Amino acid sequence: MRGELKLLVFAAGIFILAYVLSLVYELPLYLLILSSSFFTGYSFLLNNRLEKAMRSENKNQFTQMFLGMTGIKMLSSLILLACVLAFSKHDKLNIGICVMCYYMFYTIFEVITWRGKLKQQ
């Protein structure tokens, strides 16, 4: 299965899981849509950049790109969380846990995916 299709299936699964959990815990739908869009879009960008870095002559570029993009994702996730917490009237603990779970699940998915790609190469 191609990487983009795997990512879309994963994103749909995470969104469905988050939606089911939002029925139990107080989570606004806009947060789920925003988080899913943000992390899926970022993963597409990360995969595109890493594919280019993997084909590069400089083999250190892949490691630098992966670490740099992961750091940027962490920082932008914290900015996203701060903005949502600042403007939301819902339970802030649930929102924080939701955004950090999205971050964790997508990061684990990316690491597993790229570990498999690098083993094949």
Open item on the list: Cβ-Cβ distance below 7 Å, separation of 6 or more or different chains: which pairs start in region 82-94 with a residue that is without any contact (Cβ under 8 Å) to a residue 40 or more places away in the chain and end on one that is hydrophobic (A, V, I, L, M, F, W, C) and not in a loop (DSSP other than H, G, I, E, B)?
Closed with: Leu85/Ile95; Lys92/Leu85
- [ ] Kindly provide the set of residues from region 23-55 that are in a helix (DSSP H, G or I) and closer than 20 Å to Ala86 by Cβ, ordered by number.
- [x] Leu29, Tyr30, Leu31, Leu32, Ile33, Leu34, Ser35, Ser37, Phe38, Phe39
TODO: For Thr40, state whether it is under 12 Å from the mean Cα position of the chain (by Cα), buried (at least 17 other Cβ atoms within 10 Å of the Cβ) and not charged (D, E, K, R).
DONE: yes
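Determine, yes or no, whether Ser88 is surrounded by 14 or more Cβ atoms within 10 Å (Cβ to Cβ), more than 19 Å from the chain's Cα centre (by Cα) and under 27 Å from Leu31 (Cα atoms).
Details: surrounded by 14 or more Cβ atoms within 10 Å (Cβ to Cβ): yes; more than 19 Å from the chain's Cα centre (by Cα): yes; under 27 Å from Leu31 (Cα atoms): yes.
When the stated conditions are applied, Ser88 passes them.
Taken together, the values in this text are just the output of simple stated rules run on the coordinates, not laboratory data. These figures come from a predicted structure and were not determined experimentally. Every residue, glycine as well, gets a Cβ built from its backbone with ideal geometry; the counts of neighbours run over all protein chains shown.
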